[in-house]
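Peer 1: Below: one structure in structure tokens.
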Amino acid sequence: MPSLHVQTALQTHPQLSAKLHKQVWLKMENMQPAGSFKLRGIGLLCQRAVASGATQLVCPSGGNAGFAAAYAGAALGVKTTIVVPETTSAAVIARIRDIGAEVIVHGNVWERANQHALQLCQQANTIYIPPFDHADIWDGNATLIDEAVAQCAEQGSSFDAVICSVGGGGLMSGVLQGLHRNGLQDVPLIAVETEGAASLHVAIQADELVSLPAITSIATTLGASKVAAEAFNWTRRHTVHSIVVSDTQAVAACLSFADDMRTLVEPACGAALAVAYQNLPVLQPFKRPLIVVCGGIGVNLVALASWKEQFSL
Ligand SMILES: *Cc1c(COP(=O)(O)O)cnc(C)c1O
């Protein structure tokens, strides 16, 4: 069964590598056909569901998860329904409909849309596609590490830390699974969130899974009020440095990345890039850090310009 995702480029970041005197690796997941790494995990989950008889996919997300599910459903030739709350913009809805999925608008908050999605899944052969909390999603996301390991080896190199952003922790769980299945259990993870969306950070501080009272970051893609238990449990068996950056730092990184690499990414991705652009102390021990450029479709020139103005950058 060929995968729905593509192999993305692994390249060094010339300016940051020179500035930091390190080899800064970038795994360019923004180049996935659905605009983010999400296609790896969600694509695999959808593929396995269809292989075991599903004829309809239902996903409660107007973000990159919903877009990846819509893309996967179209590629697999099954009906796909994306349930979003009333707060979802017309542009987002149009974008999902344009690639062939049905969009149902339900409820004023995500929880209501999610309840409706779960209800729809009582129909025969209908499978629920969660945004981050599923073993198949972690398994699929882990392929980005399989690839990076092989690509680094081809270039006679390696990486000694991985930097990724954290929303609900599906990306992080996949990265860690990938490190372990490639014998890299000693390579630390730098897990990055923005202020106002730092659900992993508060869980680590509280030493238990806790929910954020509200999401206040502009990096709405990272806005899971509680991380998956899997992600939190990983912090007990792998070295994870939990880092929180400001929205301003995340947006500044998006702007610099646009100039340096001629590439637009969401603030959710800018958060991970900010660790290198700000040369945060956590990076100091590492010579060859790998940044997961997670991407995201929620960005364009207009949005970037308005964040630039909002944060006086
Ligand atoms: C989903 C997503 C994240 C966060 O991933 P989680 O699995 O929710 O932790 C980060 N960046 C982008 C662009 C995403 O789409």
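The values are calculated or read from the model by the stated rules, or taken from the named source; none is laboratory data. This structure is a prediction, so every number in the text was calculated from the model and none was measured. Heads up, the Cβs are rebuilt from the backbone with ideal geometry, glycines too, and the neighbour counts pull from every protein chain shown. Remember, those area values only see protein heavy atoms, side chains included, never the ligands or the DNA or RNA. Shrake-Rupley method; radii C 1.70, N 1.55, O 1.52, S 1.80 Å.
Peer 1: If a residue counts only when it is within 22 Å of Phe311 (Cα to Cα), which helices (runs of 4 or more DSSP H) contained entirely in segment 175-276 have at least 1 such residues?
Peer 2: Working: elements: 199-206, 229-234, 247-261.
By residue number, 247-261.
Peer 1: If you go through segment 208-217 one residue at a time, do you hit one that is of a type in the set (Gly, Ala, Ser) and under 17 Å from the mean Cα position of the chain (by Cα)?
Peer 2: Our first condition is that a residue be of a type in the set (Gly, Ala, Ser); within segment 208-217, this holds for 211, 214, 217.
Still in the list and also under 17 Å from the mean Cα position of the chain (by Cα): 217.
Taking every residue of segment 208-217 in turn, at least one turns out to be of a type in the set (Gly, Ala, Ser) and under 17 Å from the mean Cα position of the chain (by Cα).
Peer 1: Just to be sure before I move on: is Val299 more than 13 Å from the ligand (Cβ to nearest atom) and under 18 Å from the mean Cα position of the chain (by Cα) in the structure I sent? Working first, answer last.
Peer 2: Details: more than 13 Å from the ligand (Cβ to nearest atom): no; under 18 Å from the mean Cα position of the chain (by Cα): yes.
No: the conditions fail for Val299.
Peer 1: Kindly indicate whether any position in segment 284-295 is open to solvent by less than 10 Å² (accessible area, probe 1.4 Å), in a helix (DSSP H, G or I) and closer than 19 Å to Ser158 by Cα.
Peer 2: no
Peer 1: Residue check, Ser36 against (1) open to solvent by less than 10 Å² (accessible area, probe 1.4 Å); (2) over 17 Å from the mean Cα position of the chain (by Cα), all met but one. Which one?
Peer 2: (2)
Peer 1: Still on this structure, please answer the following. Given the conditions (1) surrounded by fewer than 16 Cβ atoms within 10 Å (Cβ to Cβ); (2) modelled with pLDDT under 95; (3) β-branched (Val, Ile, Thr), which single one is not true for Val302?
Peer 2: Going through (1) surrounded by fewer than 16 Cβ atoms within 10 Å (Cβ to Cβ); (2) modelled with pLDDT under 95; (3) β-branched (Val, Ile, Thr) one by one, Val302 breaks only (2).
Peer 1: Out of curiosity, is Ser165 surrounded by fewer than 24 Cβ atoms within 10 Å (Cβ to Cβ), in contact with a strand residue (DSSP E or B) (Cβ under 9 Å, 6 or more places away or on another chain) and modelled with pLDDT of 95 or more? Break it down into steps so the answer makes sense when it comes.
Peer 2: Values: surrounded by fewer than 24 Cβ atoms within 10 Å (Cβ to Cβ): no; in contact with a strand residue (DSSP E or B) (Cβ under 9 Å, 6 or more places away or on another chain): yes; modelled with pLDDT of 95 or more: yes.
Here the answer is no, as Ser165 does not meet what is asked.
Quick grid of which residues meet (1) in the same structural domain as Gly140 (by TED's automatic domain parsing); (2) buried (at least 23 other Cβ atoms within 10 Å of the Cβ); (3) within 20 Å of Ala101 (Cβ to Cβ):
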| residue | (1), (2), (3) |
| --- | --- |
| His5 | no, yes, yes |
| Val24 | yes, yes, no |
| Lys27 | yes, yes, no |
| Asn30 | yes, yes, no |
| Ala51 | no, no, yes |
| Phe67 | no, yes, yes |
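Peer 1: Right, another one. Return the pair list, or none, for Cβ contacts closer than 9 Å from residues in segment 182-208 that are without any contact (Cβ under 8 Å) to a residue 12 or more places away in the chain and under 30 Å from Gln151 (Cα atoms) to residues that are surrounded by 17 or more Cβ atoms within 10 Å (Cβ to Cβ) and aromatic (Phe, Trp, Tyr), at least 6 apart or on different chains.
Peer 2: Between residues of segment 182-208 that are without any contact (Cβ under 8 Å) to a residue 12 or more places away in the chain and under 30 Å from Gln151 (Cα atoms) and residues that are surrounded by 17 or more Cβ atoms within 10 Å (Cβ to Cβ) and aromatic (Phe, Trp, Tyr), there is no close pair.
Peer 1: How many of the residues in segment 62-80 are in a loop (DSSP other than H, G, I, E, B) and within 14 Å of the ligand (Cβ to nearest atom)? First the steps, then the outcome.
Peer 2: Here is the first cut: in segment 62-80, the residues in a loop (DSSP other than H, G, I, E, B) are 62-63, 77-78.
So of that shortlist, the ones also within 14 Å of the ligand (Cβ to nearest atom) come out as 62-63.
Result for segment 62-80: 2.
Peer 1: For the list (1) buried (at least 19 other Cβ atoms within 10 Å of the Cβ); (2) outside the structural domain of Leu144 (by TED's automatic domain parsing); (3) under 22 Å from Ile218 (Cβ atoms), I need the number of the one condition that Ser89 fails.
Peer 2: (1)
Peer 1: Filter segment 209-224 down to the residues that are β-branched (Val, Ile, Thr) and either in contact (Cβ under 8 Å) with a residue 24 or more places away in the chain or open to solvent by 60 Å² or more (accessible area, probe 1.4 Å) (or both) and list them by number.
Peer 2: Correct list: Ile215, Thr216, Ile218, Thr220, Thr221.
Peer 1: Next up: Scan the helices (runs of 4 or more DSSP H) fully inside segment 84-143 and keep the ones with 2 or more residues being within 16 Å of the ligand (Cβ to nearest atom), modelled with pLDDT of 95 or more and on the phi < 0 side of the Ramachandran plot. Don't jump to the end; show me each part of the working.
Peer 2: Working: elements: 90-98, 110-120, 135-141.
Correct list: 135-141.
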